[in-house]
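Trainee: Can you read through this structure? Questions will come right after.
The values are calculated or read from the model by the stated rules, or taken from the named source; none is laboratory data. Model, not experiment: these values are computed from the prediction. Cβ placement follows ideal geometry from the backbone for every residue including glycine, while neighbour counts extend to all protein chains displayed. For the accessible areas, the whole protein counts, side chains as well, though only heavy atoms, and no ligand, DNA or RNA atoms are used. Shrake-Rupley method; radii C 1.70, N 1.55, O 1.52, S 1.80 Å.
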Amino acid sequence: MRTRFIATTSDLLDQDPRTALVLADISSASFAPAATRHPDRVRNLGIREQLMVGVAGGLALTGLRPIAHSYATFAVDRVYEQLKLDLDHQGVGAVLVSVGASYDGSEYGYTHFSPGDVALLDTLTDWTVHVPGHPDEVERLLRAAVARDDRTYLRLSAQPNHLPRAEDGRLQVVHRGSAGVPVVVAVGPVLSPVLHAIGGLDVTVAYTHTPRPFDAAGLRALAGRDVVLVEPYLAGTSSRVVAEALTDLPHRLLALGVGRADLRRYGSPGDHAKWHGLDPAGLRRSLVRFLR
Amino acid sequence: MTDTLAPLLARLTGDEKHEPASESTVDLIWALYDRVLRVDPARPDAVDRDRFLVSKGHGPHAYYAVLAAKGFFPESWLDDLAGPDSRLGHHPDRTLIPGMEIGSGSLGHGLGLAVGVALGLRAQGLPGPRVYVLLGDGELDEGANHEAIAYAGAVGLGSLTAIVVDNRSASFRQDLVGLFTVHGWTGTTVDGRDHDRIERAVRGHAPGRPHVVAADVAGRP
């Protein structure tokens, strides 16, 4: 996904003079050719994430469409107030693109984890949040985001699904069970493990790469009594929007995702998926227990 | 200035806590709007205007009074500071006030935004407008400023001028101009009540280097 992000952004910089890129050292070497071609619109600020968002806000105030990029924990967690005030409060937009996700940098430990990024952005106003599950989705989503003027968060992951999915942000049924069976909503790169986990279970699986705005109408059209939400970041992040979507419909909700605890462990991203119950076996255990 | 602004300032009531902050900036903001800034209340969004960003959003009464005096909005707006339907709050909101470049009040945000505005103008081939940002000496305690100071100096952002109102509000005294010049800025200290000197100091920038003016207002009426 990161490779596709770099290629797509470099092409956008070539094609659209409104596009600008602001970096805080992360990925700067990969963007060196683009910086050579567009020195005024590709700016590596050094390891200065607060400035990165401030500059993005300033660029947007002059009419440019800034893309700001870093690790999720630096692009969101560290600069929460800059996102709130330098973008939201100024009434301007930007495209914020992160790598690292919840624990892609597993060997670095908790300092480079950001399970709470989407939850933090969910406290702000009118952010579009994309969590692509495949590099092809990254390119589509990024090109569409740059063409808008809103505030968009594009959360890249190093754990892609096997296939690209939805064209837009609406829930897409990728496995249909019987009428009225539980609906499993899989967000972004958790789709592949979800599909592995449901073997033999009568459930419907719906996919989205866009948890904000959430496809409430799509969920209402699918939902039976039970809904299972599987997200690759903090468990329960989208419980609110599911509850709002189904506010007048009696339902049970199981929200799966990354736990809150700092596990103080390294290992691989796969190890962390297992420890958080997001590997196929862990997901299946949770599903079976909930649906029993 | 006094004849123009005093009656306007008197209409802004209800935020006495921030009156000293407002009082400390009144000469500076008036001198900028009266002598330096290329802005037009009839075209507050003109692409070729200078940008004046008030990062020091505490106590914006003086700023409101100057904008009203210069015709950016009706003087009647001054009579309802921070009321339920007022456009003027104790901290300013750019989306509510013509001619205001940024909303501020949480300290430490304006300089980063100003760097971005200067870069954005340069990227769009607009070398004419200058970008001015008003800071406070206490505000410079905020670390985000230092990211911007170091970067702007390193890349020689010559269209940027920072003006620091020094009313001794910082808990720990420091060399305000030195904070900038060590990173390649040009800079000077000026009497923050003397309009002629303010004008000369602000215009005293050098090509290819950002410029800082520390406006000393401590102990002055």
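Trainee: Along the charge dipole of the protein assembly as shown, which of A:135, A:45, A:116 sits closest to the positive end, that is, farthest toward it, with unit charges on the beta carbon of Lys, Arg, Asp and Glu (+1, +1, -1, -1)?
Mentor: Toward the positive end, the furthest listed residue is A:135.
Trainee: Any idea how far apart residue A:285 and residue A:81 come out in nm if each label point goes 7 Å out from Cα toward Cβ?
Mentor: 4.2 nm
Trainee: If you line up the long axis of helix A:135-147 against the longest principal axis of chain A, both from Cα atoms, how many degrees apart are they, to the nearest 10?
Mentor: Tilt of helix A:135-147: around 50 degrees.
Trainee: Solvent-accessible area per residue for the range A:172-291 at a 1.4 Å probe radius, Å²?
Mentor: On a per-residue basis, the range A:172-291 sits at 42 Å².
Trainee: So, one more: How much length is gained on full extension from residue A:143 to residue A:170, taking 0.36 nm per residue of separation minus their Cα-Cα distance?
Mentor: Result: 8.0 nm gained on full extension.
Trainee: Further, regarding this structure: With axes computed from alpha carbons, what is the tilt in degrees of helix A:49-61 against the longest principal axis of chain A, rounded to the nearest 10 within 0 to 90?
Mentor: So the inclination is approximately 80 degrees.
Trainee: Compute the label zone of residue A:108 within the range A:29-71: residues whose backbone N is under 19 Å from the point 7 Å along Cα-to-Cβ.
Mentor: Those under the cut-off are A:29-32, A:44-53, A:68-71.
Trainee: Same structure again: Using a simple charge model, +1 on the beta-carbon of Lys and Arg, -1 on the beta-carbon of Asp and Glu, nothing else, what dipole does the range A:2-71 show about its Cα centre, in debye to the nearest 20?
Mentor: Roughly 40 debye for the range A:2-71.
Trainee: List, by residue number, every residue in the range B:103-145 with a reduction of 30 Å² or greater in accessible area between the chain on its own and the complete protein assembly, 1.4 Å probe.
Mentor: The answer is B:103, B:106, B:109, B:112, B:113, B:116, B:117, B:119, B:122, B:123, B:124, B:144.
Trainee: DSSP loop GluC sites (Glu not before Pro) in the range A:111-180 with at most 12 other Cβ atoms within 10 Å of their Cβ, which ones?
Mentor: Those that pass, being in a loop and sparsely packed, are A:167.
Trainee: Continuing with the same structure: Mark the label point 7 Å from the Cα of residue A:246 along Cα→Cβ and return the residues of the range A:168-190 whose backbone N is within less than 19 Å of it.
Mentor: Flagged as within label range: A:170-188.
Trainee: Can I ask one more? Would you mind working out the accessible area per residue for the range A:2-155, using a 1.4 Å probe, and quoting it in Å²?
Mentor: Heavy-atom accessible area per residue stands at 32 Å².
Trainee: Show the residues, 5+ positions off or on another chain, whose built amide H is closer than 5 Å to the amide H of residue A:129.
Mentor: Those lying under 5 Å, H to H, from residue A:129 are A:153, A:212.
Trainee: Determine the residues within the range B:67-102 where the difference in accessible area between the chain on its own and the full set of protein chains amounts to at least 30 Å²; count protein heavy atoms only and use a 1.4 Å probe.
Mentor: For the range B:67-102, once contacts with the other chains are taken into account, B:94 lose 30 Å² or more.
Trainee: Which of A:180, A:193, A:281 sits closest to the plus end of the dipole of the range A:172-291, meaning its Cα is farthest towards the positive end, when Lys and Arg get +1 and Asp and Glu get -1 on the C-beta?
Mentor: Most positive-ward Cα: A:281.
Trainee: Using a 1.4 Å probe on protein heavy atoms only, how many Å² of accessible area do A and B hide from each other, summed over both chains and rounded to 100?
Mentor: Protein heavy atoms only, the A-B interface buries about 2100 Å².
Trainee: What nm distance separates the two modelled labels at residue A:220 and residue B:42, each placed 7 Å from Cα along Cα→Cβ?
Mentor: For the pair residue A:220/residue B:42, the computed spacing is 5.2 nm.
Trainee: Pop out the carbon and sulfur fraction of the accessible area of chain B as a percent, whole number, probe 1.4 Å.
Mentor: It is 49 percent, rounded to a whole number.
Trainee: Further, regarding this structure: What residues of the range B:148-177 lose no less than 50 Å² of accessible area with every protein chain in place versus their chain by itself (probe 1.4 Å, heavy atoms only)?
Mentor: Buried by 50 Å² or more upon assembly, which counts only protein chains, are B:151.
Trainee: Which one, B:192, B:114, B:176, is farthest towards the positive end of the dipole of the protein assembly as shown when Lys and Arg carry +1 and Asp and Glu -1 on their Cβ?
Mentor: Looking along the dipole axis, the top candidate is B:114.
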